[in-house]
Amino acid sequence: VEVKIEVVIPEKERSKEEMSPNGKASPLIYKVNGTARHYHLEEHPIASNPYHNTKDVVEASVCHVKDLENGQMREVDLGCGKALLIKESGEFHAVGHKCPHYGAPLVKGVLSKGRVRCPWHGACFNIGTGDIEDFPGLDSLPRFQVKIEKEKVYIRASKQALQTQRRTKMMAKCISLSNYNLSSTNVLIIGAGAAGLVCAETLRQEGFSDRIVMCTMDRHLPYDRPKLSKSMDSHPEQIALRPKEFFCTYDIEVLTEMQVAAVDVKSKIAVFKDGFKMEYNKLLIATGNTPKTLSCKGKEMENVFNIRTPEDANRVVKLATSKNVVIVGASFLGMEVAAYLAERAHSVSLVELEHVPFRKFFGERVGRAVMKMFENNRVKFYMQTEVSELREQEGKLKEVVLKSGKVLRADVCVVGVGAVPATGFLKQSGITIDSKGFIVVNKMMQTNIPGVFAAGDAVTFPLALRNNKKVNVPHWQMAHMHGRIAALNMLAHGMEISTVPYLWTAMFGKSIRYVGHGEGFDDVVIQGDLDELKFVAFYTKSDEVVAVASMNYDPIVSKVAEVLAAGRTIRKRDVDAVVFLSFRTGDMSWLTGKGT
């Protein structure tokens, strides 16, 4: 028996043209530095479908049918690229072998119930279609046709698909964008982060062909914001989530450097800071958060930064090289910045009010292990104190004075003391906002106002994992899913959010992966060796495991994510068995069914 894999392109995709459905090129309004410019599709030609060329196709025998058991995956080489071969329920499937997000090898991920989950950041892909089902990331996997002949497995695939290892879903275009009044849109998206972009893309993927406008205070098109603290010298074009041509092609208008000052929900009008007004039919608010600033003397001084934009991050790296850096706040941002600058700066000092970094999130034992790793990399901690004054010399930062009395030399100061939701402009709107400033939404990302949705870091929503408790989950992955759910419900799909929170942080070439929602945990069960930075931490509340973190123990966090996504509960008494079954034996049978 032979298995063959061949890229299959639906006929309707093959007939797609680069023009909008009305046969005319659709303009894109893209505002740069306050100037509106019009682009047309013919100015940015998109490559024709690569699968039209039969010379681009490769076919190879990859294994015998008995080489794979049910539930197994294998990375196979076709000579000009690799594919992921999967056998589940007696059927073979083949898709791209790398996660489109950051390129993780999916063969090291988790296969469960018709989908494969990335071992690094938790994105999920349907093994039958290659479609992305959970985030982060925007693209799906290429799918290849599989045939069985004479007990051998053959794969037939496009060379280009094997090389790119990603596939963008087919999307609609605006029917007649040129007929619209510039001050009116069907869908207005305030915010151009992950939630806003995924909302716009999902609408187009679902066939929505009306006008979509995104607006942002930023000067750039949507970009990979987590890299601002993890890869600080990245330029905007290097971390862009989509190129300009993408927005032109799918008629997604982006207004940059445009701030909404108020929303009139009765008239369905958004009022911008410069006085411009835009009518909408459906509204998504995905404004994210605003970094907190210091309240001490000298906070407005030059060389004191909140990392908010690529320019901020680039500037900090340039100024910090071979200089003295003080970071205020052992937050995720503060710790990641400290790790990135440790080898570049002359000195890195970190000031924190708590006695251990990450204590409230990862617990004291994990926090101390992380702190030791930083100290071994020349980062100096000043704990249980805060900044009382920033001193200058000739207009530039010279010293950071702590309340403990300690004076630190500083050429650059980075502030990472948390953030607040960017929702101040909604106070008089009638949209329900809680006491902390978060927008309150239901499981469908709807606010209390019909037609108004909200998503991302600025919302609280019912988390299925915690019995629908209203929570704020400021994770990159969750923002993606919020945007998708909001888009589907703008189209009246009645879709409720049920995804499991998944996050990661990277420091000194090591990653901590985390799944669940551990707020209020009362105990931490550690498996592995904290001193060796190879461990799994189970966060429990009463008898239930509510979150799991790991370092150098992949893919256990992704396996636990699948358990939680299936509606199962892990009990504290079962922690030893979970580690043994999932990591040491690779047995995934414990994923089946529901309950405990």
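Worth pointing out:
- All conditions in (1) open to solvent by 10 Å² or more (accessible area, probe 1.4 Å); (2) modelled with pLDDT of 95 or more; (3) at negative phi hold for GLY430, with the sole exception of (3).
- Test: LEU350 is of a type in the set (A, V, I, L, M), part of a strand (DSSP E or B) and under 17 Å from GLY334 (Cα atoms): yes
- Residue within region 396-410 that is in the same structural domain as VAL317 (by the TED database) and under 30 Å from ASP529 (Cβ atoms) present: no
- Test set (1) assigned by the TED database to the domain that holds ALA565; (2) in contact (Cβ under 8 Å) with a residue 60 or more places away in the chain; (3) open to solvent by 10 Å² or more (accessible area, probe 1.4 Å) - GLU519 fails condition number: (2)
- Of all residues in region 286-344, exactly one satisfies the criterion of being among the polar types (S, T, N, Q) and in a helix (DSSP H, G or I), namely ASN314.
- Residue in region 578-595 that is within 24 Å of ARG115 (Cα to Cα), at pLDDT 95 or above and not in a loop (DSSP other than H, G, I, E, B) present: no
- Against the conditions (1) over 17 Å from ARG368 (Cα atoms); (2) more than 19 Å from the chain's Cα centre (by Cα), GLU562 satisfies every one except (2).
- Test: residue in region 162-172 that is in contact (Cβ under 8 Å) with a residue 40 or more places away in the chain, in contact with a Phe, Trp or Tyr (Cβ under 8 Å, 6 or more places away or on another chain) and open to solvent by less than 40 Å² (accessible area, probe 1.4 Å): yes
- Screening LEU255, LEU284, LEU228, LEU241 for residues that are open to solvent by 20 Å² or more (accessible area, probe 1.4 Å), out of contact with any His (no Cβ under 6 Å at 6 or more places or on another chain) and either at pLDDT 95 or above or farther than 26 Å from THR447 by Cα (or both) leaves exactly one candidate, LEU241.
- In region 225-260, the residues that are small (Gly, Ala, Ser) and in contact with a helix residue (DSSP H, G or I) (Cβ under 7 Å, 6 or more places away or on another chain): SER229, SER234
- So MET481, is it in contact (Cβ under 8 Å) with a residue 40 or more places away in the chain, among the aliphatic types (A, V, I, L, M) and crowded, with 20+ Cβ neighbours inside 10 Å: yes
- ASN289, sole failed condition from (1) open to solvent by 20 Å² or more (accessible area, probe 1.4 Å); (2) modelled with pLDDT of 95 or more; (3) closer than 17 Å to ASP411 by Cβ: (3)
- Being in the same structural domain as GLY456 (by the TED database) and either charged (D, E, K, R) or touching a strand residue (DSSP E or B) at 6+ places or on another chain (Cβ under 8 Å) (or both) holds for only one residue in LEU188, LEU138, LEU111, and it is LEU188.
- Condition broken by CYS174, with the remaining ones in (1) in contact with a Pro (Cβ under 6 Å, 6 or more places away or on another chain); (2) modelled with pLDDT under 90; (3) of a type outside the set (Asp, Glu) satisfied: (1)
- Criterion: open to solvent by 30 Å² or more (accessible area, probe 1.4 Å), in the same structural domain as THR321 (by the TED database) and on the phi < 0 side of the Ramachandran plot - qualifying residue of GLU336, GLU354: GLU354
- When MET214, MET232 are checked against the criterion of being closer than 20 Å to GLU336 by Cα and among the aliphatic types (A, V, I, L, M), a single residue qualifies: MET232.
- Positions within region 93-122 being among the small types (Gly, Ala, Ser) and without any contact (Cβ under 8 Å) to a residue 60 or more places away in the chain, in sequence order: ALA104, GLY114
The values are calculated or read from the model by the stated rules, or taken from the named source; none is laboratory data. Since the model is a prediction, treat every value here as computed from it, not as a measurement. All Cβ positions, even for glycine, are placed from backbone atoms using ideal geometry, and neighbour counts span all protein chains on display. What goes into the accessible areas is simple: the full protein's heavy atoms, side chains included, and nothing from ligands, DNA or RNA. Shrake-Rupley method; radii C 1.70, N 1.55, O 1.52, S 1.80 Å.
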